[in-house]
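The values are calculated or read from the model by the stated rules, or taken from the named source; none is laboratory data. Remember, predicted model here, so these are calculated numbers, not experimental data. Cβ placement follows ideal geometry from the backbone for every residue including glycine, while neighbour counts extend to all protein chains displayed. The protein model used for the area step is the full one, side chains on, heavy atoms only, and it has no ligands, DNA or RNA in it. Shrake-Rupley method; radii C 1.70, N 1.55, O 1.52, S 1.80 Å.
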Amino acid sequence: MTDEVVTESVDASTWGELQTVFGTKGDPAGCWCQWFKLSRSDWDAATREDTQALLHAQVEAGSPGVIARIDGEPVGWAAVEPFSAYPALGRSPITRRREGDPEDVWAVTCFVVRLEYRKRGVARALLAGALEHAWRHGATVVEGYPVDPEVRPSLSAAERYHGTVSLFRDGGFEEVRRPSATRAIMRRTLTP
């Protein structure tokens, strides 16, 4: 039997559930999806409390992503917003815009799935929910920046927070380029 994973866009009412998903230990509890939003110096100076407060303010101001639940229990999160919401993407040699790239893309930058709910289809549901979220907010093109464990099977779970190439491929994304052996730029056009 497969667990039904339900997703919805986050808002102020889901903040407590997001706190459950991010937890108190590990990379998510320190980052709170701020890595791509802060300058390197601001990132280095930020505490866990700072990054948590920043995501809280972003959730209060809008909807920077989607949450997943199984039987009402919050189990995962995916960050998805316009590329311009993530200044670090524009600075990175892997993700910065190249000639011919569409300017108005939305970006799926991060997945968090609680440890005890992994390998249950949560990331796939989150990606589908992220696409729906982006579409409802006017996106026509969505990008992801996944890793490729087929090239490097030793990638840890922590290194897979971008998602995997197979996850995005299965979600209808096409590989646009390969800036490194283990990283791909993948893109999907949304049509009515």
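Could you go through region 88-96 and let me know if any residue there is crowded, with 17+ Cβ neighbours inside 10 Å and either within 22 Å of Glu4 (Cα to Cα) or of a type in the set (Phe, Trp, Tyr) (or both). Within region 88-96 (the criterion being crowded, with 17+ Cβ neighbours inside 10 Å and either within 22 Å of Glu4 (Cα to Cα) or of a type in the set (Phe, Trp, Tyr) (or both)), the answer is no, since none of the residues qualifies.
For every residue, the table says whether it meets (1) under 17 Å from the mean Cα position of the chain (by Cα); (2) closer than 22 Å to Ile185 by Cβ; (3) without any contact (Cβ under 8 Å) to a residue 60 or more places away in the chain.
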{"residue": "Ala46", "(1), (2), (3)": "no, no, yes"}
{"residue": "Arg97", "(1), (2), (3)": "no, yes, yes"}
{"residue": "Val112", "(1), (2), (3)": "yes, yes, no"}
{"residue": "Ala125", "(1), (2), (3)": "yes, no, no"}
{"residue": "Ala134", "(1), (2), (3)": "yes, yes, yes"}
{"residue": "His137", "(1), (2), (3)": "yes, yes, no"}
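Looking only at residues of region 147-166 that are of a type outside the set (D, E, K, R) and outside any loop (DSSP other than H, G, I, E, B), we find that the one that is surrounded by the most Cβ atoms within 10 Å (Cβ to Cβ) is Val165.
What are the residues in region 1-11 that are open to solvent by 60 Å² or more (accessible area, probe 1.4 Å) and either under 20 Å from Thr109 (Cα atoms) or in contact (Cβ under 8 Å) with a residue 40 or more places away in the chain (or both), if any?
Within region 1-11, Thr2, Glu4, Val6, Glu8, Asp11 meet the criteria.
Scanning region 48-60 for residues that are open to solvent by less than 40 Å² (accessible area, probe 1.4 Å) and in contact (Cβ under 8 Å) with a residue 40 or more places away in the chain gives a single hit, Val59. Of the listed requirements (1) at negative phi; (2) touching a strand residue (DSSP E or B) at 6+ places or on another chain (Cβ under 8 Å), Cys33 misses just one: (1).
Per-residue answers, yes or no, for (1) touching a residue at least 24 places away in the same chain (Cβ under 8 Å); (2) open to solvent by 80 Å² or more (accessible area, probe 1.4 Å); (3) in a loop (DSSP other than H, G, I, E, B); (4) within 25 Å of Arg91 (Cβ to Cβ):
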| position | (1), (2), (3), (4) |
| --- | --- |
| Ser13 | no, yes, no, no |
| Val21 | yes, no, no, no |
| Thr24 | no, yes, yes, no |
| Gly30 | no, no, no, yes |
| Cys33 | yes, no, yes, yes |
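Looking across region 130-146, the residues that are buried (at least 21 other Cβ atoms within 10 Å of the Cβ) and outside any loop (DSSP other than H, G, I, E, B) come down to Ala130, Leu131, His133, Ala134, Val142, Glu143, Gly144.
Is it true that some residue in region 61-72 is free of Cβ contacts under 8 Å to residues at least 24 places away in the same chain, farther than 24 Å from Gly171 by Cβ, of a type in the set (A, V, I, L, M, F, W, C) and surrounded by 14 or more Cβ atoms within 10 Å (Cβ to Cβ)? Checking region 61-72: not a single residue is free of Cβ contacts under 8 Å to residues at least 24 places away in the same chain, farther than 24 Å from Gly171 by Cβ, of a type in the set (A, V, I, L, M, F, W, C) and surrounded by 14 or more Cβ atoms within 10 Å (Cβ to Cβ). Among the residues of region 167-183 satisfying the criterion of being at pLDDT 95 or above and either at positive phi or not charged (D, E, K, R) (or both), which is most open to solvent (accessible area, probe 1.4 Å)? Selected residue: Val176.
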